[in-house]
Amino acid sequence: MAKIGGKQLPASVVATAWPHMKFTLDPLAPTLKASADHAQSVGLLGSANLNGLYDLVLLNQILAEHGQPAVSSE
């Protein structure tokens, strides 16, 4: 974080945040669409075609092999 943000977070902030972190294999594709829609609604972004941005075929194959539910790009 310090390398990217230029400042190191206090250890207490990291310790408090860590239990709330959830790691997932899901790239949460719908959140990108929602963010683009929000940016467009306030004039920060023109039209954006996000179709095909996420190719989840291989990920979903691996998830299926492990009995996990598929993730969606929509």
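The values are calculated or read from the model by the stated rules, or taken from the named source; none is laboratory data. From a predicted model like this one, the values you see are computed outputs, not experimental measurements. Note that we place each Cβ from the backbone using ideal geometry, even for glycine, and neighbour counts take in every protein chain shown. Areas reflect the complete protein model, heavy atoms only, side chains present, ligands, DNA and RNA absent. Shrake-Rupley method; radii C 1.70, N 1.55, O 1.52, S 1.80 Å.
Within the stretch 38-74, the set of residues being open to solvent by less than 60 Å² (accessible area, probe 1.4 Å) and not in a loop (DSSP other than H, G, I, E, B) comprises A39, L59, N60, L63.
Does at least one position in the stretch 60-74 carry a residue that is touching a Leu at 6+ places or on another chain (Cβ under 6 Å) and at pLDDT below 90? Among the residues of the stretch 60-74, at least one is touching a Leu at 6+ places or on another chain (Cβ under 6 Å) and at pLDDT below 90, which makes the answer yes.
Yes or no, residue by residue, for (1) of a type in the set (F, W, Y); (2) over 14 Å from the mean Cα position of the chain (by Cα):
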| position | (1), (2) |
| --- | --- |
| V14 | no, yes |
| A17 | no, yes |
| F23 | yes, no |
| L28 | no, no |
| K33 | no, no |
| S47 | no, yes |
| N60 | no, yes |
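Taken over the stretch 1-37, the residue count meeting the criterion of being among the aliphatic types (A, V, I, L, M), in a helix (DSSP H, G or I) and within 23 Å of E74 (Cα to Cα) is 4.
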